[in-house]
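The values are calculated or read from the model by the stated rules, or taken from the named source; none is laboratory data. Here the structure is a predicted model, which means the values were calculated and not measured. Cβ: placed from backbone, ideal geometry, glycine included. Neighbour counts: every protein chain shown. The area values use the complete protein model at the heavy-atom level, side chains included, leaving out ligands, DNA and RNA. Shrake-Rupley method; radii C 1.70, N 1.55, O 1.52, S 1.80 Å.
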Amino acid sequence: LEQLDPRFVVAVYGCGYTDRSMAIAMEFFAHGSLQNVLQQDKLQQDARIPMLFDIAKAMAYLHSKSIIHRDLKPGNVLVCSIDPKFSPMAKITDFGEARIMS
């Protein structure tokens, strides 16, 4: 993940682990996931299309790197902004099911 473009996916700064747990230091998203934003009805109508474009651009970027996410859902999209003038509005996270295609 550290090698992927942070314009499209969540920036990872590092990780650490012990014999019982693992931690990942990553970019902070005050709005949380898209699932959270939708449940709280915070996403205005005029922001929906720009956010979908950001998600589509992120997926196109991943596919250009031969990465298939395999678990795209609102809970795996983190929201940078709910303002459609801000770019990007959202980034992709959770690559636990992702596969690299050859």
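Tell me which of these LEU78 doesn't satisfy, since it passes every other one: (1) assigned to a strand (DSSP E or B); (2) open to solvent by 40 Å² or more (accessible area, probe 1.4 Å); (3) of a type outside the set (D, E, K, R).
Of the numbered conditions (1) assigned to a strand (DSSP E or B); (2) open to solvent by 40 Å² or more (accessible area, probe 1.4 Å); (3) of a type outside the set (D, E, K, R), the odd one out for LEU78 is (2).
In region 35-47, is there at least one residue being in a helix (DSSP H, G or I), of a type in the set (D, E, K, R) and farther than 26 Å from ILE100 by Cα? Reasoning before the result, please.
Taking region 35-47 and keeping what is in a helix (DSSP H, G or I), we get 35-39, 45-47.
Now drop any that are not of a type in the set (D, E, K, R), which leaves 46.
Checking the rest, the ones that are also farther than 26 Å from ILE100 by Cα come to 46.
Taking every residue of region 35-47 in turn, at least one turns out to be in a helix (DSSP H, G or I), of a type in the set (D, E, K, R) and farther than 26 Å from ILE100 by Cα.
Restricting region 53-102 to residues that are aliphatic (A, V, I, L, M) and within 19 Å of LYS42 (Cβ to Cβ), which is farthest from the chain's Cα centre (by Cα)? Give the derivation first.
First pass over region 53-102, keeping only residues aliphatic (A, V, I, L, M): 55-56, 58-60, 62, 67-68, 72, 77-79, 82, 89-90, 92, 98, 100-101.
Those still in the list that are within 19 Å of LYS42 (Cβ to Cβ) too: 55, 77-79, 82, 89-90.
Working: ILE55: 8, VAL77: 4, LEU78: 5, VAL79: 7, ILE82: 14, MET89: 10, ALA90: 6 Å.
So the residue we want is ILE82.
Consider LEU72 carefully, then state whether it is open to solvent by less than 50 Å² (accessible area, probe 1.4 Å) and not in a helix (DSSP H, G or I). Lay out the reasoning, then the answer.
Working: open to solvent by less than 50 Å² (accessible area, probe 1.4 Å): no; not in a helix (DSSP H, G or I): yes.
So LEU72 fails the test.
Among the residues of region 91-99, is there at least one that is of a type outside the set (D, E, K, R) and in contact with a Ser or Thr (Cβ under 6 Å, 6 or more places away or on another chain)?
Initially, region 91-99 is screened for residues of a type outside the set (D, E, K, R), giving 92-93, 95-96, 98.
If we keep only those that are in contact with a Ser or Thr (Cβ under 6 Å, 6 or more places away or on another chain) too, we end up with none.
So far as region 91-99 goes, no, none of its residues is of a type outside the set (D, E, K, R) and in contact with a Ser or Thr (Cβ under 6 Å, 6 or more places away or on another chain).
Looking only at region 1-23, how many residues end up being open to solvent by 100 Å² or more (accessible area, probe 1.4 Å), part of a loop (DSSP other than H, G, I, E, B) and either of a type in the set (Phe, Trp, Tyr) or free of Cβ contacts under 8 Å to residues at least 40 places away in the same chain (or both)?
Qualifying residue count, region 1-23: 4.
Among what's in region 68-99 and is β-branched (Val, Ile, Thr) and in contact with a strand residue (DSSP E or B) (Cβ under 6 Å, 6 or more places away or on another chain), pick the residue that is farthest from VAL9 (Cα to Cα).
Taking the candidates together, the pick is ILE68.
Under 7 Å by Cβ, and 6 or more places apart or on different chains, what pairs join a residue from region 24-45 that is under 26 Å from LEU1 (Cβ atoms) and free of Cβ contacts under 8 Å to residues at least 60 places away in the same chain with one that is in a strand (DSSP E or B) and of a type in the set (Gly, Ala, Ser)?
Filtered contacts from region 24-45: ALA25/GLY14; LEU34/ALA90.
Does ASP46 meet the test of being acidic (Asp, Glu), open to solvent by 50 Å² or more (accessible area, probe 1.4 Å) and at pLDDT 95 or above? Explain how you work it out, then say what you get.
Working: acidic (Asp, Glu): yes; open to solvent by 50 Å² or more (accessible area, probe 1.4 Å): yes; at pLDDT 95 or above: yes.
Yes.
Evaluate the following for ALA60: is it open to solvent by 30 Å² or more (accessible area, probe 1.4 Å), in a strand (DSSP E or B) and either at pLDDT 95 or above or over 21 Å from GLU97 (Cβ atoms) (or both)? Can you show your working first?
Values: open to solvent by 30 Å² or more (accessible area, probe 1.4 Å): yes; in a strand (DSSP E or B): no; either at pLDDT 95 or above or over 21 Å from GLU97 (Cβ atoms) (or both): yes.
So ALA60 does not fit the description; no.
Answer yes or no as to whether MET26 is under 17 Å from PHE8 (Cβ atoms), touching a strand residue (DSSP E or B) at 6+ places or on another chain (Cβ under 8 Å) and open to solvent by 50 Å² or more (accessible area, probe 1.4 Å).
Details: under 17 Å from PHE8 (Cβ atoms): yes; touching a strand residue (DSSP E or B) at 6+ places or on another chain (Cβ under 8 Å): yes; open to solvent by 50 Å² or more (accessible area, probe 1.4 Å): yes.
Against the criterion (under 17 Å from PHE8 (Cβ atoms), touching a strand residue (DSSP E or B) at 6+ places or on another chain (Cβ under 8 Å) and open to solvent by 50 Å² or more (accessible area, probe 1.4 Å)), MET26 qualifies.
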